[in-house]
Amino acid sequence: MKLHQLRNLVAVADASSIRAAARAQGLAQPAITRGLRDLEKELGVPLLERHGKGVSLSVYGQAFVMRARSILNDVERGRQEIEQLKGGVAGKVSAGLSSAVFLSLVPQVYPAFRKNFPDAQVSLTEGLFPALEPQLRNGSLDFYIGPQPLGELDHSYAVQLLFRNKRVVVGRRGHPLAGVRSLRGLIDAEWIMTGLRQPVEIEFEEQFALHGLPAPRSVTQTLTTLPVVALLTSTDALAFLPQQWVSSAIFKTSLQEIPVAEALAGPDIVLIRRNALPLTPLAEKLATLFERASGKPYEGHQLVSAMAQNL
């Protein structure tokens, strides 16, 4: 089994076409076809299903391509790690971050990282752990920072607490219910429902049930940031959101907290990375900056290198 076979399989899976994959890789189509057939012969199963409009992954191919992506990502991370250990300051670092982290920590961390590593390629993806976990598992993401997932994670992940967090009731600035000081007084409002669990109704309704209240009946569900922002700023809808939303300079003039007396449960903010492999020096530097910005000392692997010593 050779790396170029794995690269070709991933390219074909992404393009759903051997011809398009060959063109993207700058290779002859017969060379890719021959390599994939050799790989199928070695594994003893068909990886591709060929049809008139192209190819698709078989059930075996779907399983194997996930491993192939992980292997290729780790090989590339290993190459970058060697370059960085030799003193290089280029390379790529990828992190998955929740909206609360983007609003509270990124404004401090990003300029500091860019100042030290202007040639680094940085990829920051917004999302919550359940959606980003496949990318973290296969190595596309170096680490995740955001709300702690519900339930126990398997031993392939290391989880580090960065800070305790809380939710607040958020509405547009000048909201007609801005003077209300209890959840009871907000039950009849229009609500936007977000959450970490599926179905999200459970998490939303628990906020009211914990205080002996029925859940609102006028509810709109959304799980991404842009719809939440659009609805909150243009309507009288309310939402339970991390406190960073109302303390951020971005929303200072458009959103406000409605400070109810009830304590609102909110998940802790954690850093999650794969347990088996250390971060590359660049990824470790970025993680360190996030941890310092959160007020926590870094607890990850400490790589001793000329680059790390100069940080």
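The values are calculated or read from the model by the stated rules, or taken from the named source; none is laboratory data. Note that the structure is a prediction, hence the values are computed from the model and not measured. We place every Cβ from the backbone using ideal geometry, glycine too, and count neighbours over all the protein chains shown. These accessible areas exclude ligands, DNA and RNA; they are computed on the full protein's heavy atoms, side chains included. Shrake-Rupley method; radii C 1.70, N 1.55, O 1.52, S 1.80 Å.
Data table
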{"quantity": "Any hit, the range 43-52, residues being assigned to a helix (DSSP H, G or I), closer than 14 Å to Leu6 by Cβ and open to solvent by 70 Å² or more (accessible area, probe 1.4 Å)", "calculated": "no"}
{"quantity": "Qualifying residue in the range 74-91 (condition: modelled with pLDDT of 85 or more and not in a loop (DSSP other than H, G, I, E, B))", "calculated": "no"}
{"quantity": "Positions within the range 271-284 being surrounded by fewer than 20 Cβ atoms within 10 Å (Cβ to Cβ) and either among the hydrophobic types (A, V, I, L, M, F, W, C) or more than 21 Å from the chain's Cα centre (by Cα) (or both), in sequence order", "calculated": "Ala276, Leu277"}
{"quantity": "Residue that is in contact (Cβ under 8 Å) with a residue 40 or more places away in the chain, within 27 Å of Phe143 (Cα to Cα) and open to solvent by 40 Å² or more (accessible area, probe 1.4 Å), where the choices are Arg77, Arg69", "calculated": "Arg69"}
{"quantity": "Where Leu232 falls short, out of the listed (1) open to solvent by 70 Å² or more (accessible area, probe 1.4 Å); (2) closer than 23 Å to Thr125 by Cα", "calculated": "(1)"}
{"quantity": "First in the range 197-211 and more than 16 Å from Ala131 (Cβ to Cβ), second anywhere and open to solvent by 70 Å² or more (accessible area, probe 1.4 Å) and modelled with pLDDT of 90 or more, Cβ under 7 Å, 6 or more apart", "calculated": "Phe208/Pro214"}
{"quantity": "Any hit, the range 99-119, residues being under 15 Å from the mean Cα position of the chain (by Cα) and free of Cβ contacts under 8 Å to residues at least 60 places away in the same chain", "calculated": "yes"}
{"quantity": "Val180 vs. criteria modelled with pLDDT of 95 or more, among the aliphatic types (A, V, I, L, M) and not in a strand (DSSP E or B)", "calculated": "yes"}
{"quantity": "Of all residues in the range 36-66 being touching a residue at least 40 places away in the same chain (Cβ under 8 Å) and farther than 21 Å from Arg19 by Cβ, the one that is nearest to the chain's Cα centre (by Cα)", "calculated": "Met66"}
{"quantity": "Failed item, numbered, when Thr224 is tested on (1) surrounded by fewer than 18 Cβ atoms within 10 Å (Cβ to Cβ); (2) in contact with a strand residue (DSSP E or B) (Cβ under 6 Å, 6 or more places away or on another chain); (3) closer than 22 Å to Gly96 by Cβ", "calculated": "(2)"}
{"quantity": "Yes/no for Phe240 being closer than 22 Å to Pro147 by Cα, at pLDDT 90 or above and either outside any helix (DSSP H, G or I) or touching a Pro at 6+ places or on another chain (Cβ under 8 Å) (or both)", "calculated": "yes"}
{"quantity": "Pick from the range 127-162, criterion under 25 Å from Ala90 (Cβ atoms) and of a type outside the set (A, V, I, L, M, F, W, C), ranking: most open to solvent (accessible area, probe 1.4 Å)", "calculated": "Gln135"}
{"quantity": "The range 5-17, residues that are open to solvent by less than 90 Å² (accessible area, probe 1.4 Å) and in a helix (DSSP H, G or I)", "calculated": "Gln5, Leu6, Asn8, Leu9, Val10, Ala11, Val12, Ala13, Ala15"}
{"quantity": "Residue check, Gly195 buried (at least 18 other Cβ atoms within 10 Å of the Cβ) and of a type in the set (Gly, Ala, Ser)", "calculated": "yes"}
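Residue-by-condition table, conditions (1) among the small types (Gly, Ala, Ser); (2) at pLDDT below 85; (3) surrounded by 15 or more Cβ atoms within 10 Å (Cβ to Cβ); (4) within 22 Å of Ala158 (Cβ to Cβ):
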residue: Leu264; (1), (2), (3), (4): no, no, yes, no
residue: Leu289; (1), (2), (3), (4): no, no, yes, yes
residue: Pro297; (1), (2), (3), (4): no, yes, no, yes
residue: Ala306; (1), (2), (3), (4): yes, yes, no, no
